[in-house]
Amino acid sequence: TTSSSCFTLVIMPIGDSTAEKRILIAQLAESILSNPHEAFSSARKDADDQQDQDYSAEVAFERLSKMRMLLELANPNPKLLPMNDEHTARLALVSLLAIFQDILPTYRIRLPTQAELAVRVSKEVKQIRDFERSLLTSYQ
């Protein structure tokens, strides 16, 4: 049994069926909405860290953050998922649109200037800046 307040994402091997991809997109979207701050960062290494190592596409995909996984699924010509199709990309893109509408703050966000970065800030402010930076880079 699982509690309704706790959501665990189980990454299944990605098959060729559209139904499996739809389930993965739904799981990722629900997981991102349940905890947006953790969706951009992950305990797993990012794909940039694995350039020197030889991973299969599926293993490399599983090492991405949740938001990065969904962004990869939204790409009709992805590097890590060559079996991705346009229909799956559209579904993922619509899911991303709904996610961004829900998690974007109501105030204007921007990247901090070099002067602002030089100032020492509290841990909470740093976390908010990191989250906003992740939002902006993912949105772009």
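The values are calculated or read from the model by the stated rules, or taken from the named source; none is laboratory data. Only a predicted model underlies this, so the values are computations on that prediction, with no experimental measurement involved. Here Cβ is always computed from backbone atoms with ideal geometry, including for glycine, and neighbour counts include all displayed protein chains. We work out accessible area using only protein heavy atoms, side chains counted, and drop any ligands, DNA or RNA first. Shrake-Rupley method; radii C 1.70, N 1.55, O 1.52, S 1.80 Å.
Observations on the structure shown:
- Label-point gap, in nm, between S122 and L93 - each point 7 angstrom along Cα→Cβ: 4.1
- Multiplying the residue separation of D102 and R133 by 0.36 nm and removing their Cα-Cα distance gives an extension gain of 9.5 nm.
- Computed packing ranks the peptides 107-114, 95-102 as 95-102, 107-114, most packed first, by mean other Cβ atoms within 10 Å.
- Ligands, DNA and RNA excluded, the heavy atoms of H87 present near 90 Å² of accessible surface to a 1.4 Å solvent probe.
- Rolling a 1.4 angstrom probe over the protein heavy atoms with all chains in place gives the range 72-140 an accessible area of 73 Å² per residue.
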